[in-house]
């Protein structure tokens, strides 16, 4: 069903360029899970990931160059947009910075798509980051993880989802990998694969009583 859904979106817009926003809190697995989800999605040829850039700048202390890596990522995605390329980038969506830019790209003919990797709670996200650090990954302060967890979901619903030609939300908390929760277009939910979790998300953020 999902494969057909995305094929129809591709066919209906010919050669219009596509941008995929891979979103989710810290610890959601954007850098590790993202490439597999993007591989066959909408002719995406490049995934711009600030974490990967940071490891390239400083393999042993990537958190020390996070700001520099973020600037490199911004330059790269803007360059790709100028080239009218199909590409993806990752973000926690805790900032509203990308929303006006995506709106501009949409006006210029880009098709905006969102893949959001959900985790059950801020505590779960903090635990994921702690586990990542133990395995040699980069750290993020706990207060930052907690702030971004709530802000990212709120911004998804309020600012980013309305811009999306298509969106999908996955539960990425399970060892078996990402499980589809819901999908849709703009503010319209086209389908729900896990009604219990989707209802929980909507109620938690005040979108459904």
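The values are calculated or read from the model by the stated rules, or taken from the named source; none is laboratory data. Values in this document were obtained by computation on a predicted structure and should not be read as measured data. Because the Cβ atoms are built from the backbone with ideal geometry, glycine has one as well, and the counts that use them run over all protein chains shown.
Once region 163-190 is narrowed to residues that are within 26 Å of residue 108 (Cα to Cα) and exposed (fewer than 15 other Cβ atoms within 10 Å of the Cβ), the residue that is nearest to the chain's Cα centre (by Cα) is 186.
Condition check for residue 137 on (1) buried (at least 17 other Cβ atoms within 10 Å of the Cβ); (2) touching a strand residue (DSSP E or B) at 6+ places or on another chain (Cβ under 9 Å): one failure, at (2).
Answer with yes or no whether residue 176 is out of contact with any strand residue (DSSP E or B) (no Cβ under 6 Å at 6 or more places or on another chain) and in contact (Cβ under 8 Å) with a residue 40 or more places away in the chain. Spelling it out, it is not the case that residue 176 is out of contact with any strand residue (DSSP E or B) (no Cβ under 6 Å at 6 or more places or on another chain) and in contact (Cβ under 8 Å) with a residue 40 or more places away in the chain.
Going residue by residue through region 93-100, is there one that turns out to be without any contact (Cβ under 8 Å) to a residue 12 or more places away in the chain, within 17 Å of the chain's Cα centre (by Cα), assigned to a helix (DSSP H, G or I) and exposed (fewer than 15 other Cβ atoms within 10 Å of the Cβ)? Checked against the condition, which is being without any contact (Cβ under 8 Å) to a residue 12 or more places away in the chain, within 17 Å of the chain's Cα centre (by Cα), assigned to a helix (DSSP H, G or I) and exposed (fewer than 15 other Cβ atoms within 10 Å of the Cβ), region 93-100 yields at least one hit.
Could you say which residue among 127, 109 is over 27 Å from residue 43 (Cα atoms), surrounded by fewer than 20 Cβ atoms within 10 Å (Cβ to Cβ) and out of contact with any helix residue (DSSP H, G or I) (no Cβ under 8 Å at 6 or more places or on another chain)?
127
Checking each residue in region 179-209 for being without any contact (Cβ under 8 Å) to a residue 60 or more places away in the chain, farther than 24 Å from residue 127 by Cα, assigned to a strand (DSSP E or B) and out of contact with any helix residue (DSSP H, G or I) (no Cβ under 6 Å at 6 or more places or on another chain) picks out 184, 185, 188, 189.
Can you confirm whether region 108-117 contains a residue that is out of contact with any strand residue (DSSP E or B) (no Cβ under 7 Å at 6 or more places or on another chain), more than 30 Å from residue 204 (Cβ to Cβ) and without any contact (Cβ under 8 Å) to a residue 12 or more places away in the chain? Yes, the conditions are met somewhere in region 108-117.
Looking only at region 14-30, residues that are touching a residue at least 24 places away in the same chain (Cβ under 8 Å) and not in a strand (DSSP E or B) come to 9 in all. For residue 144, the conditions (1) farther than 23 Å from residue 18 by Cα; (2) touching a helix residue (DSSP H, G or I) at 6+ places or on another chain (Cβ under 7 Å); (3) touching a residue at least 40 places away in the same chain (Cβ under 8 Å) all hold with the exception of (2). Among the residues of region 52-66, those that are modelled with pLDDT under 70 and either crowded, with 16+ Cβ neighbours inside 10 Å or in a helix (DSSP H, G or I) (or both) comprise 53, 54, 55, 56, 57, 62, 63, 64, 65, 66.
Of all the numbered requirements in (1) more than 24 Å from residue 182 (Cβ to Cβ); (2) modelled with pLDDT under 90; (3) crowded, with 16+ Cβ neighbours inside 10 Å; (4) touching a strand residue (DSSP E or B) at 6+ places or on another chain (Cβ under 9 Å), residue 87 misses one, and that requirement is (2). Number of residues in region 103-143 that are modelled with pLDDT of 95 or more, part of a loop (DSSP other than H, G, I, E, B) and over 20 Å from the mean Cα position of the chain (by Cα) equals 2.
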